[in-house]
Amino acid sequence: MTAVTTSAEHAGVAVECVGVQKAFDGTPVLKSVDLSVEHGQVLCVIGPSGSGKSTFLRCINHLERIDGGLLRVAGEMVGYREHKGRLHELRHHEIARRRADIGMVFQGFNLFPHMTVLENIIEAPMSVRKVKRAEAVADARRLLEKVGLAGREEAYPRMLSGGQQQRVAIARALAMRPKIMLFDEPTSALDPELVGEVLSVMKELAAEGMTMIVVTHELGFAREVADTVVFMDGGYIVEQGPPAELFASPRTDRCRDFLGKVL
Ligand code: ADP
Ligand code: MG
């Protein structure tokens with residue numbers, strides 16, 4: 001593989017995908033994904049179960065290796081390093097460094113159950129970014145305030161509601177000072193009355209200019225916050241556009257049928 005463009009040409013682009021492919025055991029899941037997300041933009045991804053949405057986020061976050069195409073995050077190739085016009089596979093420590101720039105929030109809250117809220121938030125900044133404890137704690141307190149959980153430092157995850165746990169998960173991701181935040185159906189596992197508190201934290205983050213890719217079926221959130229919505233189906237991006245446009249007049253039957261089911 002040889003590099004086709006230099007990183008400098010991609011300074012304004014947070015995520016760039018060209019013909020991204022991913023298969024599991026010979027079964028293609030991402031067939032050819034083309035997408036570009038500018039810094040500061042919010043992209044919402046919708047689509048039926050099994051269409052490849054989670055796999056796509058996992059590829060961006062170095063949790064899966066792509067089989068074909070180009071994928072760049074914050075100007076750097078995922079999986080490869082460019083050197084003198086050639087591509088070299090990344091080593092483990094290089095992958096770890098690049099992953100530190102990407103925050104991810106999952107459907108299940110994924111907090112460490114045996115750690116307090118505070119310990120959950122300061123763990124990665126201290127171990128990966130080598131931030132001093134006092135600084136990590138101060139930052140964690142600031143982030144807890146931001147997500148509306150000031151004073152809950154010493155609580156354990158099991159003592160919190162799902163909405164509170166998900167807000168801690170957001171604070172924990174932000175503690176790494178990521179350039180991009182990925183959300184994979186962050187409110188799907190929540191009781192309906194707890195969805196709003198998580199979405200409002202995400203809205204605030206978007207308003208502050210965070211680059212976000214959000215897989216969600218909360219179309220109200222997408223309508224209000226997203227710059228672009230993409231509809232994925234069968235391993236392709238079938239449609240994309242501003243939410244008002246895509247929701248009001250989908251161009252394909254597949255997208256129209258899907259919207260009819262979730263609206
Ligand atoms: P979505 O998030 O849109 O529901 P996924 O990306 O989770 O879709 O899955 C897309 C397809 O890829 C599904 O058919 C799923 O079974 C398959 N898949 C996902 N991860 C793996 C894996 N690690 N091994 C094998 N198949 C997988
Ligand atoms: Mg999924």
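Of note:
- Surface composition of the chain: carbon plus sulfur atoms contribute 50% of the solvent-accessible area (1.4 Å probe, protein chains only, all chains present).
- Dipole size of the stretch 174-261 about its Cα centre, with +1 on Lys/Arg Cβ and -1 on Asp/Glu Cβ: approximately 280 debye, rounded to the nearest 20.
- Full extension of the chain segment joining Ala207 with His88 gains 39.1 nm, where the gain is 0.36 nm per residue of separation less the Cα-Cα distance.
- Charge dipole magnitude, Cβ of K and R +1, D and E -1 - the chain, Cα centre, debye nearest 20: 800
- Average accessible surface for the chain: 47 Å² per residue, computed with a 1.4 Å probe over protein heavy atoms with every protein chain in place.
- R0 of 45 Å, Cβ-Cβ distance Arg177-Ser249: FRET efficiency to nearest 0.05: 0.70
- Computed from backbone phi, the HN-Hα couplings of the stretch 193-210 come to 6, 9, 5, x, 5, 6, 4, 5, 5, 5, 4, 4, 4, 5, 5, 7, x, 5 Hz, rounded to whole numbers (Karplus: 6.51 cos²θ - 1.76 cosθ + 1.60, θ = phi - 60°; Gly and Pro given as x).
- Selection of trypsin sites (Lys or Arg not before Pro), the stretch 38-95, meeting DSSP coil and at most 10 other Cβ within 10 Å: Lys84, Arg91
- Over 22 Å [Cα-Cα, the stretch 124-263], rounded percent: 47
- Net charge over other residues, Cβ less than 10 angstrom from the Cβ of Gly40 (K, R count +1; D, E count -1): -3
- Charge dipole of the stretch 176-263 about the Cα centre (unit charges at C-beta), most positive-ward option of Val238, Val201, Cys255: Val238
- Between Arg133, Arg172, Arg98, the GNM of the chain built on Cα springs shorter than 10 angstrom shows Arg133 fluctuating the most.
- Charge dipole (the stretch 46-181, unit charges on Cβ, about Cα centre) - positive-most of Gly163, Leu144, Phe112: Leu144
- When +1 charges are put on Lys and Arg Cβ atoms and -1 charges on Asp and Glu Cβ atoms, the dipole computed for the stretch 30-76 relative to its Cα centre reaches about 140 debye.
- Selection from Gly40, Ala96, Val214 lying farthest towards where the dipole of the chain points positive, charges on Cβ: Ala96
- For the stretch 53-178, the alpha-carbon coordinates run over 51, 33, 23 Å along the three principal axes, in decreasing order.
The values are calculated or read from the model by the stated rules, or taken from the named source; none is laboratory data. No experiment lies behind these values; they were computed from the predicted model shown. For neighbour counting, all protein chains shown are included, and Cβ atoms are generated from backbone atoms with ideal geometry for every residue, glycine included. Side chains included, ligands, DNA and RNA excluded: accessible areas come from the protein's heavy atoms. Shrake-Rupley method; radii C 1.70, N 1.55, O 1.52, S 1.80 Å.
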